[in-house]
Amino acid sequence: MENKRKDKRFEEKNKVVIQFALNSHDANINEWINATTHDISLGGAKILAPKSYPVDTVMRIEINLSKSGQIVKLDGIVRWSKLSSDEETYELGIEFLHKISKSVLSLIRHLYGGDTGIPSIIS
């Protein structure tokens, strides 16, 4: 099976807070859901959450980047969702909707800034 991902994935666990779903019918602006990343890239992440969201749900998320200690706040859109193998959590494929260059720079520094070096070309 061909990998169609644009960005390199990094397997790492980061704390995530899903602040609210922007277009969910049952959205409660005061609802905060704790979750974790399974893997992360510049373009998105696989997030493990206690709740499922429909495909195309836009959400505000906050990721506490474990290695750098930085907190990145950004919007993302659910591209896929499925019940995980433990049948207690859901796996969410989230595509980041980068609007703030500071978030992108924080992710670049976090993912490429350590031993791997920052790539000269980022697609």
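3J(HN,Hα) couplings calculated from phi for the stretch 55-65 with the Karplus curve 6.51 cos²θ - 1.76 cosθ + 1.60 (θ = phi - 60°) are, in sequence order, 4, 6, 6, 9, 9, 8, 10, 10, 10, 8, 6 Hz; Gly and Pro show x. Applying the Karplus relation 6.51 cos²θ - 1.76 cosθ + 1.60 with θ = phi - 60° to the stretch 71-87 yields 3J(HN,Hα) values of 10, 10, 10, 7, 9, x, 10, 6, 9, 7, 8, 8, 5, 6, 5, 6, 6 Hz, where x marks Gly and Pro.
Among 36-45, 52-61, 88-97, how do they line up from the highest to the lowest mean number of other beta-carbon atoms within 10 Å?
The packing order, highest mean first, is 36-45, 88-97, 52-61.
Taking amide H atoms as placed 1.01 Å from N in the peptide plane, the amide H of Tyr90 lies under 5 Å from those of Ala49, Lys51, Ser84, each 5 or more residues away in sequence or on another chain.
Quick note: the coordinates plus some simple rules give every number you see, no bench work behind them. Predicted model only: the values in this text are computed from it and were never measured. In this analysis, Cβ positions are derived from the backbone assuming ideal geometry, glycine residues included, and neighbour counts consider all displayed protein chains.
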